[in-house]
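The values are calculated or read from the model by the stated rules, or taken from the named source; none is laboratory data. Since the model is a prediction, treat every value here as computed from it, not as a measurement. So basically every Cβ, Gly included, is an ideal-geometry build from the backbone, and we count neighbours across all protein chains shown. The area values use the complete protein model at the heavy-atom level, side chains included, leaving out ligands, DNA and RNA. Shrake-Rupley method; radii C 1.70, N 1.55, O 1.52, S 1.80 Å.
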Amino acid sequence: MTRSDLVEELAARFSQLTHRDAEYAVKTILDAMSEALVRGHRIEIRGFGSFSINRRPPRMGRNPRSGESVHIPEKRVPHFKPGKALREAVDQRTAEMGK
């Protein structure tokens, strides 16, 4: 599902929302989540999952072309951990589709 699919779904489910309003709502939510992660906060949506920031320590890598060692600096990357309800729903529905 893409961002535009999400906007379409929201506009279809809530007839009182115009397409522009649905687009603004999705943008606002995603911007707020991005800003919270940039500030180092954790986001938890009950029944869905949580977003947090993981730290990747600095390490030595290798340039695949030349083979020489390259220092890779520390990084902070977003991480999503699905909630129990989401894991169970995905497992159940994919098992039903596989039958």
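Between the amide H of G83 and those of F48, G49, S50, distances stay under 5 Å, these residues lying 5 or more places away or on another chain, with hydrogens modeled in the peptide plane.
Extension gain, K81-I29: 0.36 nm per intervening residue step, less the Cα-Cα distance, totals 16.9 nm.
Given a 1.4 Å probe and every protein chain left where it sits, what share in percent of the accessible area of the range 1-41 is carbon and sulfur? Ligands and nucleic acids excluded, carbon and sulfur give 57 percent.
Coupling constants for the range 18-35 follow from the phi torsions by the Karplus curve (6.51 cos²θ - 1.76 cosθ + 1.60, θ = phi - 60°), and in residue order they are 7, 4, 5, 5, 5, 5, 5, 5, 5, 4, 4, 5, 5, 5, 5, 5, 4, 5 Hz; glycine and proline get x. Over the chain, dividing the summed -39,500 (n - 2.57) contributions of all DSSP H runs of at least 4 residues by the number of residues returns a 222 nm mean residue ellipticity of -15500 deg cm²/dmol.
What separates the Cα centres of the range 21-59 and the range 78-92 is a distance of 16 Å.
Enumerate the calculated ³J(HN,Hα) couplings along the range 75-89 in order (Karplus 6.51 cos²θ - 1.76 cosθ + 1.60, θ = phi - 60°), each rounded to whole Hz, writing x wherever the residue is Gly or Pro. Values per residue, Gly and Pro as x: 9, 10, 10, x, 9, 10, 10, x, x, 4, 4, 5, 4, 5, 5 Hz. Inter-label distance, S4 to V90: 2.5 nm, where each label sits 7 Å from its Cα along the C-beta direction. Given R₀ = 41 Å, what would the calculated FRET efficiency be for R42 paired with E68, taking r from the Cβ atoms and rounding to 0.05? Efficiency at R0 = 41 Å is approximately 0.60. Take E44: with every protein chain present and a 1.4 Å probe, its accessible area is about 90 Å².
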